[in-house]
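One structure is given here, and the rest of the page talks about it.
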Protein chains: 2
Amino acid sequence: MVQCDDGAQTIHTASDREQAYVTPDDSKSIIPSSKDPKYATKEVVEKVVGLLKGKFNDDQVTTNPDELLSHGVSANTYHAAAIPNVVVYAESTEDVSKVMKLANEYRVPVTPFSGGTSLEGHITCPYGGICVDLSRMNNIVELHEEDADAVVQAGCQWEAINEELKERGLNMFFPLDPGPSACIGGMMATGCSGTNAVRYGTAKGEWFLNATVVLPNGEIIKTRQRSRKSSAGYDLTKLFIGAEGTLGIVTEATIRLAPVLPTRVAMCGFPGVEEAVQAVGEVINRGVPMQCVELCDTLMMEAIGKFGNVFMPLPSLDTIFFKFQGSNAESIESNIKIVSEISQKYGGQDLVFAKNDKESDELWQARKSAHWSAMALVEGATCYSTDVCVPVSNLPKLVKQTKQDLKENGIVGPLLGHVGDGNFHCALIFKADVPGEFEKVDAAAHRMVKRAIELQGTCTGEHGVGIGKQEYLPLELGEGTLRVMKQLKDTLDPKGIMNPGKLYPDW
Amino acid sequence: MVQCDDGAQTIHTASDREQAYVTPDDSKSIIPSSKDPKYATKEVVEKVVGLLKGKFNDDQVTTNPDELLSHGVSANTYHAAAIPNVVVYAESTEDVSKVMKLANEYRVPVTPFSGGTSLEGHITCPYGGICVDLSRMNNIVELHEEDADAVVQAGCQWEAINEELKERGLNMFFPLDPGPSACIGGMMATGCSGTNAVRYGTAKGEWFLNATVVLPNGEIIKTRQRSRKSSAGYDLTKLFIGAEGTLGIVTEATIRLAPVLPTRVAMCGFPGVEEAVQAVGEVINRGVPMQCVELCDTLMMEAIGKFGNVFMPLPSLDTIFFKFQGSNAESIESNIKIVSEISQKYGGQDLVFAKNDKESDELWQARKSAHWSAMALVEGATCYSTDVCVPVSNLPKLVKQTKQDLKENGIVGPLLGHVGDGNFHCALIFKADVPGEFEKVDAAAHRMVKRAIELQGTCTGEHGVGIGKQEYLPLELGEGTLRVMKQLKDTLDPKGIMNPGKLYPDW
């Protein structure tokens, strides 16, 4: 719980999610009182809401309680949550600039919102204020086929971009593949990645050539030109990637596209996680072109087998899903041979292949839906999802320790991982209505994070810090590194109005 | 010319390179006078030199004029140049920290030096002060074979790293390949790339997992942990990549390594640059795994043919050098077929192959030495090298305009380019001792840069801004974007002591 206003408890945790959320009309106002001079008072925020209504079309500004709720509170997480005072649906970079100028003038907190799929509470509004919804900014503005790049708005979903490229008959795609429905804005904000990262890297690589950003004072900048490379000045694009909306709002970006290549999907069961990880390491270090290398442990395989609606029997083993990639069928075949040999060396079973593209899609879909299959393991349960990343060689140790911990604490927690990157997710299954269950899985997640940091890893490989991982930053990064981050924050956002309460509480 | 001291001209341009350079004993002191309160006076700098001598071993601190000269002035460039007052050979991160703490206390400018191969005047010392030489910090500190990463010091040369990996019997390499002798420190500082960038990306990608940095106040930070991915906080590693030593000194970094794969080298002559670029675009968009795709125009091919000591006849055409890559010989063969078909479609000749690894190395070496071959085109001449990058589709237009310009101005200027990235270099050949020749090629280089920016490109694809490209930043980036860069600079280096005069003059 965080107390924001005269002691009223205004941020709700998982255990009281079903209670009423505060609204602007609620006596438990979420606007800090005059005791906290950092932000506008409730009265000033009300004035700003009026000004916003005057500046935008009727359908762009809303204080409808349902809309406030859907913007401040997410079913994806069990972190504390609270709602904004007003939602503005931006339709252009200039719209966002207009909002920021007002917010800056009156010191009103601003929280950006695109896909709303964050798992770490990025969208919640602990200090109320304005939610800038970018979902209407969902256009591909320019498409440069020869250059294999596109200028897209922040509200574009990655799947929609890829769908449109396909519809236009282009053999290209945008290879960052975080959770379904994620949008460019949030993908940049969290420094996302996904199953394709082992081949294509992450949002922190070179997939975003530039960004148009509205700064906290409302000024619009473009970080750099569209050429594939540039060494002209600081890498400002990267400054906003992973900044979780705390330094400004990205409204547009130039993304690079990759050619769609033939793939084949196969599974291989291993005697244990350690052998699976060793085999994957050798496959990658041999330079075999793999698009994806995904681990599901035995329990996750059982969950997918039971609830994943898969057309074929699955190994009841710690299993690697391989997505082979090549410029033609011949090169894929020659690579399959290499991977089969390596897998056998580490006790892997024969590779089981999807027979055609349809089966490949279905099998991959089953892997992508692992989260839902995991939840079905316990009737009436839900899932606490967490995300850590360690050097690949430390992954078996972390997995072993985690499994032991879950066993000792009686927690059902199937694992899956982007194992080529050392990044893994644990789906901690619990019943939200049983007292103490949330606290139990929460504590297990925290122990896992601490272990990851001890193993030269990170509290989050791809989900971001948000509200959920803040407490680990000093341990992981050290005070000096955090101080530099804070200096950057204070410089670009001296009034602290950009997505306050996220990433690091003590800005 | 920049005036630093009582009106004395202290920075020398190409035309007076052969004149005496200022030294600490010179009456034309390079230390700003008391009229410029920003930096220490000459007397204070002398005091600091004494303090440095007291803190370090005798062989770590030098004011030997020859050493000052070799640290402040580079034969690689024709930009203004000046020397430091003292060179400190750092042997550890703590050494660098000790220097920075003194420099910070007494407001003495500090210029970092690693390989000294910059083409844009990064190492010169327009305000004198301390040169921190990192070349003794050239160790691989940790090597993690399973994780395919290594912790290396900033003074490591990329070729030496790769040589050591080979000697240790590891089938891995660090794929960033800028000019020979470049070191990790400078490679990060300039956001470098090279011929491998079309396959592996640049220093701004994900090859540097973290960095140990000495901040301008002497504080030591590590930007993040060693795991392959992290979304924990701002991407501070990237803040220092491309910062040209203006925000702090990188002393150590964790680099990722890639598997060494079989390659084959071939050449293909095309009717013109446009056809060559189109063919390359199609090859890349088909996803054929190419390690390198390098263009040399007809003139450059003639230069290499005459002076490159190549064992085979070369096409007298605009030519692409292909370096094919695959996990085995079969997959390379299947990709060669695809590239041959595409090349023919655009009027390319039959591919000419190096017959074995030795021939491949020699042929590639000939390409890598193009700079020297180009210089030999005109007896007694030297080379003004410049570097721009545009979206690939705009490259033929830029090349055409550039060739026309050079022809009209009677300049010999063979071209070569990392054509898969839209990045190209023009070797402007001139005689330094003929009055007006330098000015003529300098003006041509500036026109080329302006055209590149008009074509949505950048004034530098990989060499960095240094002193040579400063004037283009406002045009290329806009005042707002530059202002953000300046804010970051002022925040981390409030006294302006880190590599002053570089990247942007008006910090």
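Only the coordinates and a few stated rules stand behind these numbers; no lab work does. From a predicted model like this one, the values you see are computed outputs, not experimental measurements. A quick note on method: Cβ atoms are made from the backbone with ideal geometry, for glycine too, and the neighbour counts reach across all protein chains shown.
Report the label-to-label distance for A:Lys38 and B:His446 in nanometres (one decimal), using points 7 Å from each Cα along the Cα→Cβ vector.
Here the answer is 4.9 nm between the modelled labels.
What are the nm distances, shortest first, from A:Asn57 to its equivalents in the other copies, labels at 7 Å along Cα→Cβ?
7.3
In debye to the nearest 20, how big a dipole does region A:338-483 give about its Cα centre with +1 on each Lys and Arg Cβ and -1 on each Asp and Glu Cβ?
On the way: 16 positive and 20 negative charges, 67 e Å.
Its charge dipole is roughly 320 debye.
Cα centroid distance between region A:126-151 and region A:53-91, in Å?
18 Å
Mind computing the radius of gyration and Dmax over the alpha-carbon atoms of the protein assembly as shown? Å is fine for both.
Reported Rg and Dmax, both Å: 28.8, 88.
Filter the GluC sites (Glu not before Pro) in region B:347-398 to those in DSSP coil with at most 15 other Cβ atoms within 10 Å of their Cβ, and list the result.
B:Glu379
Near the amide H of A:Leu143, under 5 Å away, which other amide H atoms are found, from residues 5 or more places off or on another chain, if H is placed in the peptide plane?
A:Val151
Using the alpha-carbon centroid of each, what span in Å lies between region A:221-257 and region A:173-189?
15 Å
Sticking with the crude label model, points 7 Å out along Cα→Cβ, report the distance from A:Asn309 to B:Lys47 in nm, one decimal please.
Distance between label points: 7.8 nm.
Which residue, B:Ser316, B:Leu295, B:Ala370, has the largest displacement toward the positive end of the dipole of region B:288-376 when charges sit on each Cβ (Lys, Arg +1; Asp, Glu -1)?
So the residue we want is B:Ala370.
Largest first and to the nearest Å, give the Cα extent of region A:378-454 along each principal axis.
Here the Cα extents, ordered largest to smallest, are 38, 19, 16 Å.
Just check region A:262-398 against the gyration tensor rule for me: Cα atoms, a ≥ b ≥ c as the square roots of the eigenvalues, rounded for a/c under 1.5, and otherwise prolate or oblate depending on whether a/b exceeds b/c.
oblate
Quick check: residue separation of B:Arg168 and B:Asn57 times 0.36 nm, minus the Cα distance between them. What number comes out in nm?
Numbers: separation 111, 0.36 × 111 = 39.96 nm, distance 3.26 nm.
In short, 36.7 nm is gained.
Looking at region A:418-467, which GluC sites (Glu not before Pro) are DSSP coil and have at most 16 other C-beta atoms within 10 Å of their C-beta? Working shown, then result.
Working: sites: A:Glu437, A:Glu439, A:Glu454, A:Glu462; in loops: A:Glu462.
Hits after loop and neighbour filter: nothing returned.
Reachable aspartates and glutamates from A:Lys166, Cα under 20 Å, same-chain residues fewer than 8 places away excluded?
Counting by Cα, and skipping residues close in sequence, A:Lys166 has these aspartates and glutamates nearby: A:Glu142, A:Glu145, A:Glu146, A:Asp147, A:Asp149, A:Asp177, A:Asp357, A:Glu359, A:Asp361, A:Glu362, B:Glu282.
Give the shape of region A:427-507 as rounded, prolate or oblate, defined through the alpha-carbon gyration tensor: a ≥ b ≥ c are the square roots of its eigenvalues, a/c under 1.5 means rounded, and otherwise the shape is prolate if a/b is larger than b/c and oblate if not.
oblate
Given points 7 Å out from each Cα along the Cα-Cβ axis, report the A:Ala160 to B:Asp506 separation in nanometres with one decimal.
Taking the simple label geometry, A:Ala160 and B:Asp506 are separated by 4.1 nm.
Helix A:273-285: angle to the longest alpha-carbon principal axis of chain A, degrees 0 to 90, nearest 10?
90 degrees
D for region A:140-259, whole µm²/s, Stokes-Einstein with Kirkwood Rh over alpha-carbon pairs at 10 °C and 1.306 mPa s: what number?
D = 111 µm²/s.
Mind jotting down a quarter of the surface of the convex hull over the alpha carbons of chain A, in square nanometres, one decimal? Show your work: numbers first, answer last.
Values: hull surface 93.1 nm².
Computed as one quarter of the Cα hull surface, the answer is 23.3 nm².
Can you tally the net charge around B:Leu165? Count Lys and Arg as +1, Asp and Glu as -1, for every other residue whose Cβ sits under 12 Å from the Cβ of B:Leu165.
-4
Please list, in order along region A:53-62, the HN-Hα scalar couplings obtained from phi with the Karplus expression 6.51 cos²θ - 1.76 cosθ + 1.60 (θ = phi - 60°), rounded to whole Hz, x for Gly and Pro.
4, x, 8, 10, 5, 4, 7, 9, 10, 9
Roughly what % of DSSP beta bridges within the protein assembly as shown run antiparallel, to the nearest 5?
85 percent
Quick check for me: using +1 on Lys/Arg Cβ and -1 on Asp/Glu Cβ, what's the dipole size of chain B about its Cα centre, in debye to the nearest 20? Could the numbers behind the result be given before it?
Numbers: 48 positive and 66 negative charges, 202 e Å.
It works out to roughly 980 debye.
Which distances, shortest first and in nm, link A:Ala443 to the matching position in the other copies, using label points set 7 Å out along Cα to C-beta?
7.9
What is the Å³ per residue value for the convex hull set by the Cα atoms of region B:93-185?
Hull volume over Cα atoms, normalised by residue count, gives 98 Å³.
From the cross-link list B:Lys238/B:Lys440; A:Lys358/B:Lys204; A:Lys397/B:Lys323; B:Lys397/B:Lys469; A:Lys337/B:Lys345, which pairs have alpha carbons spaced over 29 Å apart? Could you put the intermediate results ahead of the total?
On the way: B:Lys238/B:Lys440 37 Å; A:Lys358/B:Lys204 37 Å; A:Lys397/B:Lys323 40 Å; B:Lys397/B:Lys469 22 Å; A:Lys337/B:Lys345 33 Å.
From the list (B:Lys238/B:Lys440; A:Lys358/B:Lys204; A:Lys397/B:Lys323; B:Lys397/B:Lys469; A:Lys337/B:Lys345), the Cα-Cα distance tops 29 Å for B:Lys238/B:Lys440; A:Lys358/B:Lys204; A:Lys397/B:Lys323; A:Lys337/B:Lys345.
Out of the GluC sites (Glu not before Pro) in region B:108-206, which ones are loop residues according to DSSP with at most 11 other C-beta atoms within 10 Å?
Sites meeting the loop and neighbour criteria: none at all.
Round to a whole angstrom and tell me the spacing of the C-alpha centers of region A:422-500 and region B:398-455.
About 51 Å separates the Cα centre of region A:422-500 from the one of region B:398-455.
Step through the residues of region B:419-435 one at a time and calculate ³J(HN,Hα) from phi using the Karplus curve (6.51 cos²θ - 1.76 cosθ + 1.60, θ = phi - 60°), rounding each to whole Hz and writing x for Gly and Pro.
Listing the rounded values in order: 6, x, 9, x, 9, 9, 10, 10, 9, 8, 8, 8, 9, 4, 8, 9, x Hz.
Given the Cα-Cα distance of A:Asn64 and A:Ala432 and 0.36 nm per residue of separation, how much length would full extension add, in nm?
Gain on extension, A:Asn64 to A:Ala432, equals 129.7 nm.
222 nm [θ] for chain A, helices only, -39500 (n - 2.57) per DSSP H run of 4+, per residue, to 500?
My calculation for chain A gives -10000 deg cm²/dmol from helical runs alone.
Place a label point 7 angstrom from the Cα of B:Glu330 along the Cα-to-Cβ direction, then list the residues of region A:334-351 whose backbone nitrogen is under 13 Å away.
Only A:334-341 fall inside the zone, counting backbone N under 13 Å.
Can you give me the long-range amide H partners of B:Gly115? Hydrogens built in the peptide plane at 1.01 Å from N, cutoff under 5 Å, separation of 5 or more residues or another chain.
B:Cys183, B:Gly186
Got the A:Glu359 label distances to the other copies yet, label 7 Å along Cα→Cβ, in nm, shortest first?
From this label point to the equivalent ones elsewhere in the assembly: 4.4 nm.
What area, in nm² and to one decimal, does the C-alpha convex hull of region B:241-312 cast on average over all directions?
On the way: hull surface 35.6 nm².
For region B:241-312, the mean projected area of the Cα convex hull comes to 8.9 nm².
For a quick check: with amide H placed at 1.01 Å from N, whose amide H comes under 5 Å from A:Gly129's, ignoring anything fewer than 5 positions away on the same chain?
A:Asn85, A:Val86
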